[in-house]
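A.B. asks: Dropping the structure in here first, questions after.
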Amino acid sequence: MVNLPYIICSVLSFIPALVLHEVAHGYAAYKLGDPTAKRSGRLSLNPLKHIDPFGTVILPLLLMVMGWPVFGYAKPVPYNPRYFKDPRRDDVIVGLAGPSANLAMAALAAAVAWGCSGLVANPAFANNELFAYFYVMFLPTFALINLYLMFFNLLPIPPLDGSSIFAILLPPKYLPKYYQIQQYAFPVFMIAIVVLPYVFNFNPFSWYLGVTAGNLFDFMFPPFFS
């Protein structure tokens, strides 16, 4: 049975989570002296500028149907490290900008949830269906999707944001080899996400998101949502 309110809340959460994630990357690069994202029109809040057919549409829908945590990705924002004063340091700053934007949005949702928590006991709000959907479904969905995207992108797997953080920890002599395997790492990872649960009857990725995003959500939100 299709849960239409959940789908609507997921879409309304997923789009701004992805768009602001990518815009944050581009804006960070722009502030560090790289105009590439701005010239490419990727500092726009228009979702159409950032859509990746598989990562933004097909993958999230598949996960929604299978009942797994909803995550995905948009078209990576282009940037050119040659503009940076300190390429390795600034690459990490750009890489962290996206997950930081998701964390900020999750924190905003948590703040609103805490602010509205006192209204639950008020019959005027408690019996309001729109408020119930907003408080009980939209706010936690918005926060969780942002936290899922944050921790998904922090994985040290190219081309995810965590790979730029991992790269700065590697000795320079290993970087060429590391960049060489980037083109193969992500497809293998995506196949593993789908295949491993069926082969071993265990989903390590869902477990990872539960331990990271799930626990952080429980810490941030009022006890009502735990």
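The values are calculated or read from the model by the stated rules, or taken from the named source; none is laboratory data. Not measured: the values here are computed from a predicted model. Here the Cβ is made from the backbone with ideal geometry for all residues, glycine too, and neighbour counts use every protein chain on show. Accessible surface is based on the protein model in full, side chains and every heavy atom, while ligands, DNA and RNA are left aside. Shrake-Rupley method; radii C 1.70, N 1.55, O 1.52, S 1.80 Å.
A.B. asks: Structure shown: which of 31/173; 85/173; 38/85 lie over 25 Å apart, alpha-carbon to alpha-carbon? Kindly include the intermediate steps, with their values, before the conclusion.
C.D. replies: Values: 31/173 29 Å; 85/173 21 Å; 38/85 18 Å.
Where the Cα-Cα span goes over 25 Å, the pairs concerned are 31/173.
A.B. asks: First obtain the Kirkwood hydrodynamic radius of the chain from its Cα pairs, then insert it into the Stokes-Einstein equation at 25 °C and 0.890 mPa s, and state the resulting D in µm² per second as a whole number. Intermediate values should be presented prior to the final figure.
C.D. replies: Values: Rh = 18.8 Å.
The Stokes-Einstein estimate is 130 µm²/s.
A.B. asks: In Å, the Kirkwood hydrodynamic radius of segment 35-146 over pairs of distinct alpha carbons? Mind showing how you got there, number by number?
C.D. replies: Details: mean 1/r = 0.0589 Å⁻¹.
One over the average 1/r among Cα pairs gives 17.0 Å for segment 35-146.
A.B. asks: How many nm is it between the label spots at residue 219 and residue 39, if each spot is 7 Å from the Cα in line with the beta carbon?
C.D. replies: Here the answer is 4.1 nm between the modelled labels.
A.B. asks: Find how much the distance from residue 196 to residue 46 grows on full extension, using 0.36 nm per residue of separation minus their present alpha carbon separation; answer in nm with one decimal.
C.D. replies: Working: separation 150, 0.36 × 150 = 54.00 nm, distance 3.55 nm.
The span from residue 196 to residue 46 would gain 50.5 nm if fully extended.
A.B. asks: Which of the peptides 137-146, 162-171, 65-74, 120-129 is most tightly packed, and how do the rest follow, going by the mean number of other Cβ atoms within 10 Å of each residue? Mind showing how you got there, number by number?
C.D. replies: Values: 137-146: 23.9, 162-171: 15.3, 65-74: 18.4, 120-129: 10.7.
Taking the mean over residues of other Cβ atoms within 10 Å, the ranking is 137-146, 65-74, 162-171, 120-129.
A.B. asks: Say R0 is 25 Å: what FRET efficiency, to the nearest 0.05, do residue 133 and residue 104 get from their beta-carbon distance?
C.D. replies: On the way: r = 24 Å, r/R0 = 0.94.
Here the calculated transfer efficiency is 0.60.
A.B. asks: Any idea how far apart residue 54 and residue 126 come out in nm if each label point goes 7 Å out from Cα toward Cβ?
C.D. replies: Modelled inter-label distance: 5.0 nm.
A.B. asks: In addition: Heavy atoms only, probe 1.4 Å: what % of the accessible area of the chain goes to carbon and sulfur, would you let me know? Intermediate values should be presented prior to the final figure.
C.D. replies: Numbers: 8770 of 12370 Å².
Carbon plus sulfur share of accessible area: 71 percent.
A.B. asks: Among residues other than residue 78 whose Cβ falls under 10 Å from its Cβ, what is the net charge (Lys/Arg +1, Asp/Glu -1)? Intermediate values should be presented prior to the final figure.
C.D. replies: Working: positive: 39, 42, 75; negative: 34.
That works out to +2.
A.B. asks: Report the extension gain between residue 189 and residue 7 in nm, rounded to one decimal, defined as 0.36 nm multiplied by the number of residues separating them, less their alpha carbon distance. Mind dumping the intermediate values first?
C.D. replies: On the way: separation 182, 0.36 × 182 = 65.52 nm, distance 2.61 nm.
Here the answer is 62.9 nm.
A.B. asks: Turning to a different aspect of this structure: Kindly provide the Kirkwood hydrodynamic radius of segment 32-92 in Å, to one decimal, from all pairs of distinct alpha carbon atoms. Intermediate values should be presented prior to the final figure.
C.D. replies: Numbers: mean 1/r = 0.0741 Å⁻¹.
The answer is 13.5 Å.
A.B. asks: At 7 Å along Cα-to-Cβ for each site, give me the label-to-label distance between residue 177 and residue 65 in nm.
C.D. replies: 4.1
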